[in-house]
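The values are calculated or read from the model by the stated rules, or taken from the named source; none is laboratory data. Just so it is clear, the structure is predicted and the values come from calculations on it, not from any experiment. Don't worry about glycine lacking a Cβ; one is built from the backbone with ideal geometry, like all the others, and counts go over all protein chains shown. Areas reflect the complete protein model, heavy atoms only, side chains present, ligands, DNA and RNA absent. Shrake-Rupley method; radii C 1.70, N 1.55, O 1.52, S 1.80 Å.
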Amino acid sequence: CIAMPRELITLQVGQCGNQIGLGFWNAALKEHRQANEEQLYDEALSSFFRNVDLRYDDPKDIPVGDGKGKIRGLKARAILVDMEEGVVKETTNSSLGSLFDQRQFITDVSGSGNNWAHGHEVYGPQYRDALNDTIRRTTEYCDSLQSFMLLHSLGGGTGSGLGTYILELLADEYPSVYRFSSCVFPSEDDDVITSPYNSILSLSKLCEFADCVLPIENQALMRICRSILDTEAKSAHKGRGVVQGHSITQSYLAPLAKGKGVPATVPKAHKEDEKPFDMMNSIAGHLLLNLTR
């Protein structure tokens, strides 16, 4: 019996990629919780998560079997990469921190300076061995690996430069495994002066090494946010803004890590404790989850 390909490994690269990744994992957990009330570890869940026995210092994987085994502990099939460690630290300190295996983190402290070349030509070769080892260890937990999904932006230096370097590495080391790039394109008024150059340099690599590109346009996300906020404001004005204590905006917001998120100007946060980019990251995470079903 030949196992059908099923596991998907995400590689979250750069600030934007990691914050959208957090929105993606939050949405995935919520959806599986609603569809899997008996808390069984089945094939659908195993596409994104490992089921591990947390009684051991090195958690032991529990196989899917007949799909009727209970969930012991979930670990995301994810690799987190950023050349500034702030966002990854915020991820570990968030409500979803225990979902990630910290051996799957690759970080630095100085960043890529919004420079594609620094991410691709400096950090890529410098961390190639660490990337290879981390990716290999993650694939060894898979029974039948289907694809890699790269989450990154094209406007900054790490997401664009190191992100496309990782895409090349995957094409070299795992040529038979599908490579998906979920990338955020910068807005016209992006405040990063080098973002057009970073994007152009990244596009040639995406054309050559990605099997499928799932583009997310920053300006479109901003328009969606404004539309939701406008709809809520009109409903509130008519006395219909809050239903059982939850507004339309709150339904999109997830307990994400704090931070700037997708690099663009966005509408003012709806509430004081909501960060301006949380809504955009959450929408992008839900979109990606729907695309990977």
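Worth pointing out:
- Annotation: Met4 fulfils all but one of (1) modelled with pLDDT under 85; (2) in contact with an Asp or Glu (Cβ under 9 Å, 6 or more places away or on another chain); (3) open to solvent by less than 60 Å² (accessible area, probe 1.4 Å); the unmet one is (3).
- Hits in region 164-190 - residues which are hydroxyl-bearing (Ser, Thr, Tyr) and free of Cβ contacts under 8 Å to residues at least 60 places away in the same chain: Thr164, Tyr165, Tyr174, Ser176, Tyr178, Ser181
- Selection status of Asp230, among the acidic types (Asp, Glu), more than 22 Å from the chain's Cα centre (by Cα) and not in a helix (DSSP H, G or I): no
- Subset tally (residues that are small (Gly, Ala, Ser) and either under 14 Å from Leu11 (Cα atoms) or surrounded by 20 or more Cβ atoms within 10 Å (Cβ to Cβ) (or both)) for region 95-123: 3
- Selection within region 165-205 - hydrophobic (A, V, I, L, M, F, W, C) and either in a loop (DSSP other than H, G, I, E, B) or within 25 Å of Arg137 (Cα to Cα) (or both): Ile166, Leu167, Leu169, Leu170, Ala171, Val177, Phe180, Cys183, Val192, Ile193
- Count of region 76-94 residues which are touching a Ser or Thr at 6+ places or on another chain (Cβ under 8 Å) and either open to solvent by less than 40 Å² (accessible area, probe 1.4 Å) or of a type in the set (Gly, Ala, Ser) (or both): 9
- Residue match in region 235-242 (condition: buried (at least 19 other Cβ atoms within 10 Å of the Cβ) and over 19 Å from the mean Cα position of the chain (by Cα)): no
- All positions within region 125-171 that are of a type in the set (Asp, Glu) and either touching a helix residue (DSSP H, G or I) at 6+ places or on another chain (Cβ under 9 Å) or open to solvent by less than 10 Å² (accessible area, probe 1.4 Å) (or both): Asp143, Glu168
- Among the residues of region 166-192, those that are over 17 Å from Pro215 (Cα atoms) and among the β-branched types (Val, Ile, Thr) comprise Ile166, Val177, Val192.
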